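One structure is given here, and the rest of the page talks about it.
The values are calculated or read from the model by the stated rules, or taken from the named source; none is laboratory data. The shown structure was predicted, so the numbers you read here are calculated from the model rather than taken from an experiment. Quick reminder, even Gly has a Cβ in these numbers, built from the backbone with ideal geometry, and neighbours come from all protein chains shown.
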Amino acid sequence: MKNIGFIILFVIAISCNKSIVWVNDKSDIASLKSRISQLQYQIDSLRNAVTINNRLLLDRTDSLSIALTKANNTIEQSNLAVASIVVSLDSIKSQLKTTLIQITVINNTQTKTDLAISNNSTQLVALNQKYLDLLTRYNKILQLINDFPLNTISNGLIAYYPFTGNANDSSGFGNNGIVQGATLTIDRNNKANSAYNFNGSSSYIDISNKFFNNGLNDYSISIWTSPNSDNSSSGPGQTILNTNPHRGLGLGYSYNGSKKLYFFNQIDPTSNGNWDIVDDKFNYNVALNNWINIIIIKRGVTFTYYVNGNLDKSTSLIQNPISTLVSMRIGAITCCTPEYFNGKIDDVRFYNRALNETEITYLATH
C-alpha cells in the first residue's frame, strides 16, 4: 500500500510540477485520494479545454488554409497580371523604340525634304521668271507676226477704210470718204474711235471719187460689220454698202425682214428701160451686236460669199456688163427708196482682183 501511495504521489508530483510529499498514514491517504480526484477533474477539464482548443485551432487552421489558398490564388493571379503587364510594357517599350526610330527617320527625311523644297522653290522661282520672260518674248514675236501683213494682202487694193479717227482712204489712192451723220465708236477690239456707228435713219459715208470698176471680171470686197437691229425704218432693208448711183452691186441686211445678209446685183435694163435687181440671200444667221467679217468675191459670173473666213455660198449671177468707174456709199442707199443701216461698220477694203483662201483667212482673223 505504501508502495502504491508512493507511486501515486510521484505521478501527481510530476503532473503538477509539485514537490514530492511522503504520506505514511491512512488519513493522509484519504486526503491524498481526494486531492487526486480533484486533480483528475482538473486534468479532465484541461483535456476538454485542450480538445476544444484543438478544434478551434483546427477550424482556424482550415480558415487560415482557405484564406492562404485564396491569397495564393490572388497572388498567382496578380503574378500573372504583373507578368502580362510586364509583357505589355515590354511590347510598348519595343514599339516606342521602333516609333522613335521612325520619327528620327522621318525627321531626317523631312529635313532633307525641306532642303530639297527650298532648293526646288528657288529653282521654281527662277524657272517661272524664265518662263515669263520667254512668254513675253514669244508674245512679242507672235504679235509682230500677226501684225505683219501678208506680202500679197495689199496687192490690187484700190481703197481701204480702217476708220481710225476718220474716213480717209489708207490705200494711198486718196479715195477719202465724206462722213454724213455717222459717229466714231469702239471697234471689235474695243479700241475707241476706230469704227463708225450708223443710226439707221440718216447717216452714211460718201466716197465721191469714182474708183471702183463695176465691170471688172474679178474683184473682192471685205467689210466688218455689227448690226444693231433687224428692223428698217426707211425701206425694205438695211444697206451696208452700195454703188452710187444705185447701179451695179450692193450688200445689205434683213431685206424684207429676212434677218439675213443679202447681195444685190443690177443687170441689164428690161425692155421697158428699167433695171432689174437680183437679190441673193446668205445662209449665215446674223446675231445682233456681234462683229462679223463679210467677203464677197467675183470670178467671172461666179460670186462667192464668206463669213468670218468660212465659205457661206457660191452662186452665178448675170451682171450688168457695163465697164465703168463708180463711186461708193457706205451705210445707205439714198436714191429711189432710201435704206439706212443700223449698226457699226469697220475696215472696208476694195480689190480689183479675187482674193485667195490664205488672204481671206487673214482678213477674217486680223
On the basis of being modelled with pLDDT of 95 or more and either in contact with a strand residue (DSSP E or B) (Cβ under 9 Å, 6 or more places away or on another chain) or not acidic (Asp, Glu) (or both), does ILE322 make the cut?
no
Given ASN119, ASN128, ASN168, ASN139, which one is in the same structural domain as ILE240 (by TED's automatic domain parsing) and either without any contact (Cβ under 8 Å) to a residue 40 or more places away in the chain or crowded, with 17+ Cβ neighbours inside 10 Å (or both)?
ASN168
Of the residues ASN283, ASN310, which is of a type outside the set (Asp, Glu), over 14 Å from ILE240 (Cα atoms) and at pLDDT 95 or above?
ASN310
Scanning the range 234-256 for residues that are at pLDDT below 85 and in a strand (DSSP E or B) gives ASN244, LEU249
Number of positions in the range 333-352 that are at negative phi and surrounded by 18 or more Cβ atoms within 10 Å (Cβ to Cβ)
13
Filtered residue count, the range 217-265, keeping only those that are at positive phi and surrounded by fewer than 20 Cβ atoms within 10 Å (Cβ to Cβ)
3
